[in-house]
1. Using the per-residue mean of other Cβ atoms lying within 10 Å as a proxy for protection, in what order, highest first, do the peptides 125-137, 71-83, 93-105 fall?
2. Can you bin every Cα-Cα distance in the range 85-159 into 10 Å intervals starting at zero and give me the percent of pairs per bin, rounded to whole numbers?
3. To the nearest 10 degrees, how steep is helix 18-30 against the longest Cα principal axis of the chain, on a 0 to 90 scale?
4. Taking amide H positions as placed in the peptide plane 1.01 Å from N, state which residues far from Ala388 in sequence (5 or more) or on other chains have amide H under 5 Å from it.
5. How many angstrom separate the Cα center of the range 13-33 from the Cα center of the range 362-431?
6. Gly430: net charge of surrounding residues, Cβ under 9 Å, Lys/Arg +1, Asp/Glu -1, itself excluded?
7. So for the range 328-446: antiparallel DSSP bridges make up what percent, rounded to the nearest 5?
8. Treating only the Cα positions of the range 175-332 as identical point scatterers, give the base-10 log of I(q)/I(0) from the Debye formula at each q in 0.09, 0.10, 0.17 Å⁻¹.
Amino acid sequence: MIDGRTLIAWGFQTGKHFKPMMAKANEMRSAGADDDTIFAHLQTMVPVEISFRTNGIPYSMFIDAENDLERQNIEAVGKHMDALMRVPTIVAGAVMPDACPSGSQEGTIPVGGAVAAKDAIHPGFHSADICCSVAITVFKRNDDPKKLLDAVQAVTHFGPGGRKNMLPPPHAIMHEIHGNRFLADLENFAVGHFASQGDGNHFAYVGTLKSTGQLALVTHHGSRGLGAQLYKKGMAVAKRHTAIVAPKVPSHNAWIDFNSKDGHEYWQALQIVRHWTKASHFAIHDMAAREIGNQIVDRFWNEHNFVFRRDDGLFYHGKGATPSWSGFSADDDGRTLIPLNMAEPILIVAHKDKKEALGFAPHGAGRNLGRKAFLKDNQPEMPAGIDARFYCGKPDLSELPQAYKNAASVRAQIEKYGLAEVTDEVIPYGSIMAGDWEHDAPWRKK
């Protein structure tokens, strides 16, 4: 039997690759291979260590500061990007106008960050909220917007607990989930979280198109628990791989080799989760349409927390960044959505494909302070003039408009840097968010 001592005697260095090497060696010996043949094959199994760059490669920044707080925010974003661009798989990077740090570990991709990687999918770059996205439905009849907002509140659920399981996901999507090894045991999440909304900044927003006055519904959520569990699995695989091939790379920057079996199956899992998320959005819209008895005349959607593969073969990771190039997905029709805050219009934009921005635009207004830091130094007020609702009753003060960057400045920077072209707007009537579910959720009360 060939064991670890045999491999060491043959000159191999110990490491995580020893276990598969021993298994292969004994398999070959059982098949009749001699030691020279086994040794030659084992040499091909020794991982080639990839160096962590000493210095980061250049990246582009499309963000301006108008005060000291914004300057501090940009400085923090820059420090993270400087470290991030040392990761050996990354070949380009860019920062959007809504950028802000999203973690304390050095080199954590910021919200509003975009990177292109070669032959690598980085789960940490799309985070647990896989396929966080926005979807719009436009209605034929100019109904009372309050009636539509009431309908949405009645048919869906916000927050992490007490879901009502309104309806099951489409059979075709469940069939895809069962056929993927990353997702096969996540059926309960796929069913239990379908057609529900998240917490934090996820919302349902009712308004009217500026161009036509038509009634519109916009929802914002991701793949919920289904995506969060996939992310955990993806990070585990990525950490194992990167610990072998690039042990000096921080674990939050770990990647899955796309050219491996894991890489292909994880990529497929991401596409299935995308199908699920799109269906989840429009299931809510369809239920609301039935409640008010109004006809749907237009709809589209886009993700802004995802990984895209372009014609150059690179993997473009957008962490809170909206794709702004033609054909970013099979269902792209040239329009995407950029929400700002609950009291501001949602921008409908056309693609620009600015190369230096890796083809991305911002996904919203972003923050200059984290939630806790904002609440420590501010006393936000409820926005006037809109129907602002919180599903759990108590407002989440960290989601009020004052918590976000100046919407007009972000919009001006989109135009200044040519990241997208604003073609229309959804003028707000009102919105629903989860609210402070930790203290006021109905399912926590006796």
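The values are calculated or read from the model by the stated rules, or taken from the named source; none is laboratory data. If you're wondering where the values come from, they're calculated on a predicted model, not measured in any experiment. Glycine also receives a Cβ, built like all others from the backbone with ideal geometry; neighbour counts cover every protein chain displayed. These accessible areas exclude ligands, DNA and RNA; they are computed on the full protein's heavy atoms, side chains included. Shrake-Rupley method; radii C 1.70, N 1.55, O 1.52, S 1.80 Å.
1. Working: 125-137: 24.3, 71-83: 17.2, 93-105: 22.1.
Top to bottom by mean Cβ count within 10 Å: 125-137, 93-105, 71-83.
2. Binned Cα distances yield the sequence 13, 34, 18, 20, 12, 1.
3. The answer is roughly 50 degrees.
4. When sequence neighbours closer than 5 places are left aside, the close amide H contacts are Ser431.
5. Their Cα centres are 57 Å away from one another.
6. On the way: positive: Lys146, Arg389; negative: Asp387.
The answer is +1.
7. Values: 10 of 14 bridges.
Among the beta bridges of the range 328-446, antiparallel pairing accounts for roughly 70 percent.
8. Evaluating at q = 0.09, 0.10, 0.17 Å⁻¹ gives log10 I(q)/I(0) of -0.36, -0.45, -1.14.
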